[in-house]
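The values are calculated or read from the model by the stated rules, or taken from the named source; none is laboratory data. Keep in mind the model is a prediction, meaning the values are calculated, not measured. We place every Cβ from the backbone using ideal geometry, glycine too, and count neighbours over all the protein chains shown.
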Amino acid sequence: MSTTKRSILIGGFLLMMGLIVVLPAFFNKIEKRPGVVLHDWVLAALPGHNFSIAIFAIIWVMGFLTLIRAVQKPAIFITYIWTMIFIVVARLISITFVPLDPPIGLVPLTDPVNEIFYGHITVTKDLFFSGHTATMTLIYLCLEKKTDKLIALIALVTIMVLLLLQHIHYTIDVLAAPFITYGLFRVTKAWLHVDL
């Protein structure tokens, strides 16, 4: 790996760590503010169920696969971490300017790893746009091999469906995430000039 790419990678890692430090305070603040409840006809037609284990099993398995591929090709990790930085910043902005209350029938998503990002609070108002969907979309975009991409696409669609079945997000939160993520991914690649 060249010195430039190593510097970009280290810089991205440090910036991501900085964002992780400020996230609990941000989510604690937005959790206390009033928001709007949207009428979502898709969620209204779906009974709520708890799919927490399945959701996080899929995300962590796909994350592990991405890590393996990134070890083989560091450019993947560089693009992933910088796009994720832009996703986190975009979510902070969108959540700030789109104050929503959780969907009716929300079944809380339980994952001990969330405490790294959210602190010791239950967060239900980090809605527009879906971070889980954005993460899975980014994994799909970063993976190169056809088989990997097919698996990632199936995982992405599954996560989108499970999030809606658990009433964690509004439909618009889940549908908007892939488009926003794709845009940020293209911006990142153009900015970094990383050839995937």
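Contact map, the range 157-186: residues that are touching a residue at least 40 places away in the same chain (Cβ under 8 Å) paired with residues that are among the charged types (D, E, K, R) and buried (at least 18 other Cβ atoms within 10 Å of the Cβ), Cβ distance under 8 Å, separation 6+ or inter-chain. Pairs shown: Y170/D40; T171/D40; I172/D40. Filtered by the rule that a residue be acidic (D, E) and touching a Gly at 6+ places or on another chain (Cβ under 6 Å), the range 122-175 gives no residues. Inspect all residues belonging to the range 121-132 and state whether any of them is modelled with pLDDT under 95 and either exposed (fewer than 15 other Cβ atoms within 10 Å of the Cβ) or out of contact with any helix residue (DSSP H, G or I) (no Cβ under 8 Å at 6 or more places or on another chain) (or both). Yes; the residues of the range 121-132 include at least one that is modelled with pLDDT under 95 and either exposed (fewer than 15 other Cβ atoms within 10 Å of the Cβ) or out of contact with any helix residue (DSSP H, G or I) (no Cβ under 8 Å at 6 or more places or on another chain) (or both). Scanning the range 49-72 for residues that are small (G, A, S), over 14 Å from the mean Cα position of the chain (by Cα) and closer than 15 Å to L138 by Cβ gives a single hit, A70. Among the numbered conditions (1) within 30 Å of L9 (Cβ to Cβ); (2) of a type in the set (F, W, Y); (3) more than 14 Å from the chain's Cα centre (by Cα), the only one that F97 does not meet is (1).
Residue-by-condition table, conditions (1) under 24 Å from N28 (Cβ atoms); (2) assigned to a helix (DSSP H, G or I); (3) aliphatic (A, V, I, L, M):
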position	(1), (2), (3)
L127	yes, no, yes
T137	no, yes, no
V157	no, yes, yes
H169	yes, no, no
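Of the helices (runs of 4 or more DSSP H) contained entirely in the range 1-104, those carrying at least 3 residues that are buried (at least 17 other Cβ atoms within 10 Å of the Cβ) and touching a residue at least 12 places away in the same chain (Cβ under 8 Å) fall at 3-31, 52-72, 74-97. When the residues of the range 1-45 are narrowed to those that are in contact with a helix residue (DSSP H, G or I) (Cβ under 7 Å, 6 or more places away or on another chain) and among the aromatic types (F, W, Y), which ends up farthest from I104 (Cα to Cα)? Taking the candidates together, the pick is F13. Taking the numbered list (1) closer than 15 Å to V123 by Cβ; (2) under 17 Å from the mean Cα position of the chain (by Cα) in turn, I30 passes all entries but (2).
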